[in-house]
Amino acid sequence: MSLATEDLPAAEIALAVKAGAVGAREVVTTALARIEARKALGAFTDVTAARALAKADAIDGARARGEALGALAGAPFAVKNLFDIEGLPTRAGSKINRELPPAKADATLVARLEAAGAVLVGGLNMGEYAYDFTGENAHDGPSRNPHDPGHMSGGSSGGSGTAIASGMVPLALGSDTNGSIRVPSSLCGIFGLKPTYGRLSRARTFPFVASFDHLGPFARSVRDLALAYDAMLGPDASDPALANVSPNPVAANLEQGVGGLRMARLGGYFAKTGEPAAFEAVERVAKALGAARVVEFPQAERARASGYLITMVEGAALHLERLRKRGADFDPDVRDRLIAGAMLPGGWVVKAQKFRSWFRHAIGEVMKDFDIVLAPATPCRAPRLGQKTMVLDGQEMLVRPNLGLFTQPISFIGLPVATVPVWTTGERLPIGVQIIAAPWREDLVLRVARALEAQGVVSAPIAGIG
Amino acid sequence: MSEPVFDANAIIEAMAPLLGFVVGEASRGPVKTHLEIAARYAALMEEAALGDHQEPAPVFTP
């Protein structure tokens with residue numbers, strides 16, 4: 001009897017491959033078939049089938065020779081197309097970048113996952129140059145929400161969300177500058193980890209805002225997030241933003257539970273400007289954790305404003321030359337934000353960086369009294385594809401920038417966050433909650449996420465697709 | 001000395017040539033909208049009480 005590997009988490013695939021219950025080639029072939037069958041969802045922009053099958057054969061060969069296999073042996077994964085994949089141009093969601101020469105080597109994190117036995121099966125759709133929270137792409141089409149394909153996947157790592165929620169792969173990587181892991185995790189109903197700023201190497205990925213760019217994994221189980229995270233840890237001289245901190249593997253302590261942890265919900269800014277579903281999800285998670293207290297991050301609105309301005313200016317600076325010479329080849333929605341960013345006074349961004357320093361200190365003081373704080377991941381469930389505006393607390397606002405209004409103040413100071421998916425009976429679409437800790441405490445956010453998963457409070461089912 | 005005045009059209013007219021941008025008619029409205037959002041956020045940030053000795057976050061370590 002054949003094992004239905006396409007629905008398994010990466011950890012179970014690896015166990016089955018190690019035990020010889022299934023071959024890596026069979027796992028990869030099955031994943032490739034599902035990717036093809038569900039391509040209308042717009043998750044993948046490149047499928048690296050030949051490479052994946054060769055890698056799978058190498059794993060099967062290693063097992064046949066009695067060699068030890070890695071923690072992710074045979075598990076298929078895919079990466080947002082701003083990660084370098086050897087032999088492919090790194091398009092970063094753009095039309096312009098696909099004219100670049102092929103990458104000469106894989107991104108560090110791709111190489112590390114493969115060293116742990118995972119098998120890269122392709123590159124994933126994303127919002128152009130990562131300046132997006134919708135998952136819509138003007139050149140490649142939208143990555144659709146598998147739970148309702150007329151709705152957004154969220155962005156900018158939209159393809160990552162679509163691929164995981166539709167069961168194409170158990171593991172994916174994305175980037176998060178202001179929320180681009182956490183927004184698709186929320187809208188697609190999956191688990192996502194944005195580690196501490198400076199924790200994981202960004203080497204050989206296309207940047208957006210150097211001050212805020214993070215990379216991290218998506219999965220349908222917390223254990224898979226932990227295994228991927230552990231495999232990606234380590235120093236890398238190729239990323240100057242990587243912090244000189246000791247690696248902190250988390251998988252071994254994932255089941256420690258939440259006993260003794262000091263937890264609270266974030267109030268103030270994080271308890272307004274959203275639909276009731278966003279706050280009900282936080283309430284449900286807080287209740288399950290026994291987190292009765294409410295605490296505020298002071299001046300969070302100003303943190304969001306400052307992050308927004310730094311993003312506009314740094315993002316524009318990155319693309320100035322392309323805006324001059326290739327303006328017509330941008331997605332107009334992205335181009336016009338970048339043009340505006342190029343026109344802002346320099347003093348604004350310096351003051352925003354000063355405020356960032358102040359906010360980091362202020363939140364450090366708050367977090368002396370708490371191990372974990374909770375906040376909504378998005379202000380609403382997935383909007384419809386093409387929707388430009390939404391109304392929150394009676395104010396009409398743009399969808400594209402404001403899906404990240406709860407994520408932006410957190411990544412502004414680089415705190416680690418696990419996003420967990422919450423479902424409501426009768427609702428087709430999920431919504432996420434951010435589990436936030438002090439810098440470098442990825443172990444805590446994943447422990448709490450795992451405890452919630454074990455209780456059945458949060459889950460990431462594969463979308464029912466006909 | 002005068003109070004700061006925000007005029008998105010004037011910013012576009014002044015800055016586009018300096019930056020080498022052509023802001024077409026279809027772009028002018030969206031660019032203005034984004035400038036207006038930025039100005040609103042900048043006003044909020046301007047009110048932050050930060051001293052002269054507050055270091056910006058990205059401190060360079062040689």
Does the stretch A:182-204 hold any residues that are in a loop (DSSP other than H, G, I, E, B), away from chain B (no Cβ under 14 Å) and more than 16 Å from A:TYR129 (Cβ to Cβ), and which are they?
A:GLY189, A:ILE190, A:PRO195, A:THR196, A:ARG199, A:LEU200, A:SER201, A:ALA203, A:ARG204
The one condition in (1) touching a helix residue (DSSP H, G or I) at 6+ places or on another chain (Cβ under 6 Å); (2) over 20 Å from A:TYR308 (Cβ atoms); (3) basic (Lys, Arg) that B:ARG28 fails to fulfil:
(1)
Output the residues belonging to the stretch B:53-62 that are within 7 Å of chain A (Cβ to nearest Cβ) and at pLDDT 90 or above.
B:GLN54, B:GLU55, B:PRO56, B:ALA57
Single residue of A:GLN353, A:GLN299 found to be crowded, with 16+ Cβ neighbours inside 10 Å, out of contact with any Phe, Trp or Tyr (no Cβ under 8 Å at 6 or more places or on another chain) and of a type in the set (S, T, N, Q)
A:GLN353
Candidates A:GLU6, A:GLU12 - the one that is modelled with pLDDT of 95 or more and among the acidic types (Asp, Glu):
A:GLU12
Subset of the stretch A:71-100 that is of a type in the set (Lys, Arg) and in a loop (DSSP other than H, G, I, E, B) - its residue that is farthest from A:ILE164 (Cα to Cα)
A:LYS95
Condition first: of a type outside the set (A, V, I, L, M, F, W, C), closer than 13 Å to A:GLY42 by Cβ, touching a Leu at 6+ places or on another chain (Cβ under 9 Å) and buried (at least 24 other Cβ atoms within 10 Å of the Cβ). Now tell me which residues in the stretch A:126-153 satisfy that.
A:THR134, A:GLY135, A:GLU136, A:PRO142, A:SER143, A:ARG144, A:ASN145, A:PRO146, A:SER153
If B:LEU50 satisfies every condition in (1) within 9 Å of another protein chain (Cβ to nearest Cβ); (2) in a helix (DSSP H, G or I); (3) of a type in the set (A, V, I, L, M) but one, which is the exception?
(2)
Among (1) buried (at least 23 other Cβ atoms within 10 Å of the Cβ); (2) over 30 Å from A:LEU289 (Cα atoms) - the single one A:GLN387 does not satisfy:
(1)
Which pairs have Cβ atoms under 7 Å, sit 6 or more apart or on different chains, and link a residue in the stretch A:135-149 that is among the aliphatic types (A, V, I, L, M) to one that is part of a loop (DSSP other than H, G, I, E, B)?
A:ALA138/A:ASP331
Does the stretch A:27-45 hold any residues that are surrounded by fewer than 18 Cβ atoms within 10 Å (Cβ to Cβ) and charged (D, E, K, R), and which are they?
A:GLU36, A:LYS39
Which listed residue is touching a residue at least 12 places away in the same chain (Cβ under 8 Å), over 27 Å from A:GLU301 (Cβ atoms) and within 14 Å of chain B (Cβ to nearest Cβ), from A:LEU171, A:LEU242, A:LEU261
A:LEU242
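The values are calculated or read from the model by the stated rules, or taken from the named source; none is laboratory data. Values in this document were obtained by computation on a predicted structure and should not be read as measured data. Virtual Cβ from ideal backbone geometry, glycine too; neighbours counted across all protein chains shown.
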